[in-house]
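Read the structure below first, then the notes.
The values are calculated or read from the model by the stated rules, or taken from the named source; none is laboratory data. Model, not experiment: these values are computed from the prediction. Neighbour counts are summed over all protein chains in view; Cβ atoms, including those assigned to glycine, are modelled from backbone coordinates with ideal geometry.
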Amino acid sequence: MSSPIPQTPLVAGDDAVSLTGTDLHLSFGDNHVLRGVDIHVDAGTTTTVIGPSGSGKSTLLRVLNRLYEPQQGDILIDGVSVLKDNPDQLRRRIGMVFQQFNLFPHKTVAQNVALAPRKLRGLSRDESYDLAVAQLDAVGLKHKADVRPSTLSGGQQQRVAIARALAMKPEIMFFDEATSALDPELVKGVLALMSELSQEGMTMVVVTHEMGYARDVSDSVLFMDDGAVVETGAPAKLFEDAESERLRTFLSQVL
Ligand code: ADP
Ligand code: MG
């Protein structure tokens, strides 16, 4: 099961950016899902978002990349509001990895990774293929470039999905429960890759139930409940010295 050692870093050494959301609100009908959320992710750091199911974590990510337009509040990259930009332009700056990898089954692994760079970044077929192979190398899957996704394990497919997101050269990465659909033995490899990305200085927001990752890898943790940030701070503080009863209760259930 061991993979060749990658030859390529995950991200080119571009300058990292910060991400800020202020007073974000969103309702679906009369369901007030985000109730004034503030989040700040320093350049090159990782914030994990934890909280019970239905607390608004996925919605927060979707608002931050404007898949859903916030009804109030602002979103800033490096202190500059992005609300007036074209949403497609913003989404190209933010790579996203979901629970479901959604790879195209009839394309090869490399073709899956090459597709968006070719269509959206205007690379030629050869350029995008070379980029895909380099990005696959960085996630330890160069040797799988020319096979179909279905021949890969779930963990390998998720690493391909990460390579696909990175091939767009995003400034920020979002992960929404990227390991939740994986068999337990496959979780480790994906978490290791996410940790490496954190350590390489990618700016990241990670929604996860993996408390080990939240505690050991992330620079800050944000605990959401009922559409609001209940508590935020350094992992050591939240995990060892939670202030709110709600966070203590949540941690007692998941740890
Ligand atoms: P979490 O990711 O923390 O489990 P979500 O952000 O998925 O929570 O959901 C928060 C709330 O928003 C839930 O009540 C959910 O039903 C609601 N919600 C999320 N997306 C939609 C949508 N597209 N339409 C209507 N309601 C939604
Ligand atoms: Mg969710």
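Quickly run through segment 86-109 and pick out the residues that are modelled with pLDDT under 95, of a type in the set (D, E, K, R) and surrounded by 14 or more Cβ atoms within 10 Å (Cβ to Cβ). Answer for segment 86-109, where residues must be modelled with pLDDT under 95, of a type in the set (D, E, K, R) and surrounded by 14 or more Cβ atoms within 10 Å (Cβ to Cβ): Arg91, Arg92.
Considering each residue of segment 35-54 in turn, at least one proves to be touching a strand residue (DSSP E or B) at 6+ places or on another chain (Cβ under 9 Å), of a type in the set (Ser, Thr, Tyr) and within 15 Å of ligand 2 (Cβ to nearest atom). Here segment 173-184 is the region considered, the condition is being in contact (Cβ under 8 Å) with a residue 24 or more places away in the chain and more than 16 Å from ligand 1 (Cβ to nearest atom), and the residue that is farthest from Asp78 (Cα to Cα) is Asp183. Remark: Leu83 matches the filter, which requires a residue to be within 28 Å of Thr232 (Cβ to Cβ) and away from ligand 2 (no atom under 16 Å from the Cβ). Selection within segment 204-234: residues that are more than 16 Å from ligand 1 (Cβ to nearest atom) and surrounded by 19 or more Cβ atoms within 10 Å (Cβ to Cβ). The member of this set that is farthest from Val97 (Cα to Cα) is Ser220. List every residue pair whose Cβ atoms lie under 9 Å apart, where the two residues are 6 or more positions apart in sequence or sit on different chains, the first residue falls within segment 201-213 and is within 14 Å of ligand 2 (Cβ to nearest atom), and the second residue, located anywhere, is of a type outside the set (A, V, I, L, M) and assigned to a helix (DSSP H, G or I). Short answer, once both residue conditions are applied: Val206/Ser198; Val206/Tyr213; Val207/Lys57; Val207/Ser58. Among the residues of segment 111-132, count how many are more than 21 Å from the chain's Cα centre (by Cα) and not acidic (Asp, Glu). Residues flagged as more than 21 Å from the chain's Cα centre (by Cα) and not acidic (Asp, Glu) within segment 111-132 amount to 9. Of all residue pairs spaced 6 or more apart or on separate chains, those with beta-carbon atoms under 6 Å, a first member in segment 48-62 that is on the phi > 0 side of the Ramachandran plot and a second member that is near ligand 2 (Cβ under 8 Å from one of its atoms) and among the charged types (D, E, K, R) are Gly51/Lys57. Phe250 meets the conditions (1) away from ligand 1 (no atom under 16 Å from the Cβ); (2) hydrophobic (A, V, I, L, M, F, W, C); (3) within 17 Å of Pro52 (Cα to Cα) in every case but one. The failed one is (1). Take the conditions within 16 Å of ligand 2 (Cβ to nearest atom), over 13 Å from the mean Cα position of the chain (by Cα) and of a type outside the set (Phe, Trp, Tyr) and apply them to Met168. Does it pass? Spelling it out, it is not the case that Met168 is within 16 Å of ligand 2 (Cβ to nearest atom), over 13 Å from the mean Cα position of the chain (by Cα) and of a type outside the set (Phe, Trp, Tyr). Determine whether segment 24-33 contains at least one residue that is within 15 Å of the chain's Cα centre (by Cα), more than 10 Å from ligand 1 (Cβ to nearest atom) and modelled with pLDDT of 95 or more. Looking for residues that are within 15 Å of the chain's Cα centre (by Cα), more than 10 Å from ligand 1 (Cβ to nearest atom) and modelled with pLDDT of 95 or more, one finds none in segment 24-33, hence no.
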